[in-house]
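What follows is a single structure, written as structure tokens, with notes after it.
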Amino acid sequence: AETESTEKTSLLRPQASVYDYCRFGIAVCRQYSSGSAYPSVYLSTPLPGIPKPVFASVDGHEKYETKITTLENGLKVASQNKFGQFCTVGILVNSGSRHEAKYPSGIAHFLEKLSFSSTAQFESKDEILLTLEKHGGICDCQTSRDTTMYAVSAEVKGLDTVVNLLSDAVLQPRLLDEEIEMTRMAVRFELEDLNMRPDPEPLLTEMIHAAAYRGNTVGLPRFCPPENVEKIDRKLLHKYLQSYYCPQRMVLAGVGIEHEQLVQCARKYLLNVKPVWGASTPANVDKSVAQYTGGIVKMVKDMSDVSLGPTPIPELTHIMIGLESCSFLEDDFIPFAVLNMMMGGGGSFSAGGPGKGMFTRLYLNVLNRHHWMYNATSYHHSYEDSGLLCIHASADPRQVREMVEIITREFIQMTGTAGEMELERAKTQLKSMLMMNLESRPVIFEDVGRQVLATGKRKLPHELCELISNVTASDIKRVTMKMLRSKPAVAALGDLSELPSYEDIQAALSSKDGRLPRIYRLFR
């Protein structure tokens, strides 16, 4: 009977061949008919007959350190390798709205809209997009107050095509009359949208910069003013490009590619290329240093009908108050970043718990205590020669005076000693935000490009985390005291009938408790 059952089992079970034995070892050939037939092997012990695993190793402190090469014409090539079949490559130019002092404002805005249009090699934008499509690629251009960034994400094997396309888009644009006319329409539409959208933040950011740096550098308008739309033509664009689009003011940055391969492509397509506007004239570059002036910019506007849908948005007045912080090249930049994270804030409605910043000061001291406030958010803008830390607040127009006092009191309370737990939470939050953002390939690309363009080198994430960890409560107090010595910058949007005067806001920020001077009225 026993022999019969064994024969039945062996018929049901595939037999191990000599080939299996030679290929997989004895473990595969063992019979697993029952637990008792197989000797017990502890989970901590390697299985017999299994090949020894080979693990990937990291050589050096940081395997994928940023590599930088400067070509003969002054162009910097920076790259960071990252595992994957896609890469992000782009050209960053030290050019933005802050450099338009000698030109009509709006040139950088026009160049952003004209990017990746027809070039010497490509007949139209469609041809560029079809070329990129063959490599699963997409392209984009973004301008800020100090940087213009042309970027492409595509498959690594299409790197040669990508660098060729970038070189052509940046140095050989045709800037045809019909393209410029289309751009004028796009700019007009964007300006209308800016004034109509329910979110006032982009408009307030524009206003606070105009107030803080009146008429100079980063205070110049980032969006083209309506009166300049017709003034900007090909001749003016070429004159601007001649001064600012020179190799010494550019970085070719790449993430997800081998450095030598990128340098090779840069030499091929960016080394001896003559731009369409002729020889560069870097002598005409505006080297003005940002002059912080402080001041107020007001825009009286009916905010009662901003709702786009059937649900009405309550009428709100928006106030932004800012003070001068520091440039991102200074050591105090990190304490200011921690202070901004500690202030935090956001909208009055936020689903979620403490992980969304509900423990920040603007939540605990402002939004949780004053139910009528709709928003209180801290922002930190930093440039190569100055910076601005500001708080944006929104409330019903009748409570504007009270809202302004709450914000000025928060600025004064920043000078108090930060609690140990509060400070540690802000530092941990800043580090986690930094590390989580740097998991994204396009974010690494922008970080590499911007740092190399501004400083010629790159601080790695672990170095930044170390600097954040070293920030103390006395550092926060010191930078706050320094910041409060500057004149305030104020931007106000909406119904401003209850807005305190600029002098009153300045007096509140100079006082010990941040309170506005008392006013006495016989009739309200």
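A compact table of results
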| read-out | value |
| --- | --- |
| Positive-end extreme of charge dipole, segment 76-197 - chosen from Ser79, Thr161, Ile138 (charges on Cβ) | Ser79 |
| Chymotrypsin sites (Phe, Trp or Tyr not before Pro) within segment 69-141, DSSP loop, no more than 15 other Cβ atoms inside 10 Å | Phe83 |
| Over 24 Å (Cα to Cα) - which of Lys113/Lys235; Lys487/Lys512; Lys125/Lys274; Lys67/Lys113; Lys82/Lys459; Lys134/Lys235 fall in this group | Lys67/Lys113; Lys134/Lys235 |
| Thr428-Glu201 FRET efficiency (beta carbon distance; Förster radius 22 Å; 0.05 resolution) | 0.25 |
| Helix-only [θ]222 nm of the chain, DSSP H runs n ≥ 4, -39500 (n - 2.57) each, per residue, nearest 500 | -11500 deg cm²/dmol |
| Kirkwood-Stokes translational diffusion coefficient of segment 74-166, alpha-carbon pairs, 37 °C, 0.692 mPa s, µm²/s | 228 µm²/s |
| Sparse-neighbour loop sites [chymotrypsin sites (Phe, Trp or Tyr not before Pro); segment 454-524; at most 11 other C-beta within 10 Å; DSSP] | Tyr520, Phe523 |
| Dipole of the chain, positive direction: furthest Cα of Leu323, Phe116, His209, with charges on the beta-carbon | Leu323 |
| Antiparallel bridge percentage (DSSP; both residues within the chain; nearest 5) | 80 percent |
| Candidate residues Asp513, Asp146: accessible-area rank, largest first, probe 1.4 Å | Asp513, Asp146 |
| Carbon plus sulfur fraction of accessible area for segment 295-510, probe 1.4 Å, in percent | 54 percent |
| Globularity ratio of segment 355-444, using Cα Rg and 2.2 N^0.38 Å | 1.28 |
| Nearest-20 debye value, segment 140-238 charge dipole, Cβ charges on Lys, Arg, Asp, Glu | 360 debye |
| Gyration tensor (Cα) of the chain, equivalent ellipsoid semi-axes in angstrom | 51, 36, 23 |
| Inter-label distance, nm, simple model (7 Å from Cα along the C-beta direction), Glu181/Leu467 | 5.0 nm |
| Residues listed by number, segment 369-397, amide nitrogen under 20 Å from Gln248 label point at 7 Å toward C-beta | 384-385 |
| Cα-based shape type of segment 119-159, given that a ≥ b ≥ c are square roots of the gyration tensor eigenvalues and the cut on a/c is 1.5 | oblate |
| Candidate residues Cys224, Cys465: accessible-area rank, largest first, probe 1.4 Å | Cys465, Cys224 |
| Arg222, Arg398, Arg145, ranked by accessible area, largest first (probe 1.4 Å) | Arg398, Arg222, Arg145 |
| About the Cα centre, charge dipole magnitude for the chain (Lys/Arg +1, Asp/Glu -1 at Cβ), debye | 1020 debye |
| Theoretical gain in end-to-end length, Asn368 to Glu439 [0.36 nm per residue, Cα-Cα removed] | 22.2 nm |
| Zone residues, segment 152-175, relative to Glu127, backbone N less than 18 Å from point 7 Å out along Cα-to-Cβ | 161-175 |
| Semi-axis lengths, Å, segment 67-271, gyration tensor of Cα atoms, sqrt of 5 times eigenvalues | 30, 19, 17 |
| Accessible surface, per residue, of the chain when the full set of protein chains is kept, probe 1.4 Å, Å² | 52 Å² |
| Whole-percent carbon and sulfur share, accessible surface of segment 67-271, 1.4 Å | 52 percent |
| Sites matching trypsin sites (Lys or Arg not before Pro) across segment 273-350 that sit in DSSP coil, with at most 15 neighbouring C-beta atoms within 10 Å | Lys287 |
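The values are calculated or read from the model by the stated rules, or taken from the named source; none is laboratory data. In this text, all values refer to a predicted model and were calculated from it rather than measured experimentally. Note that we place each Cβ from the backbone using ideal geometry, even for glycine, and neighbour counts take in every protein chain shown. Please note that ligands, DNA and RNA were not included when accessible areas were found on the heavy atoms of the full protein model with its side chains. Shrake-Rupley method; radii C 1.70, N 1.55, O 1.52, S 1.80 Å.
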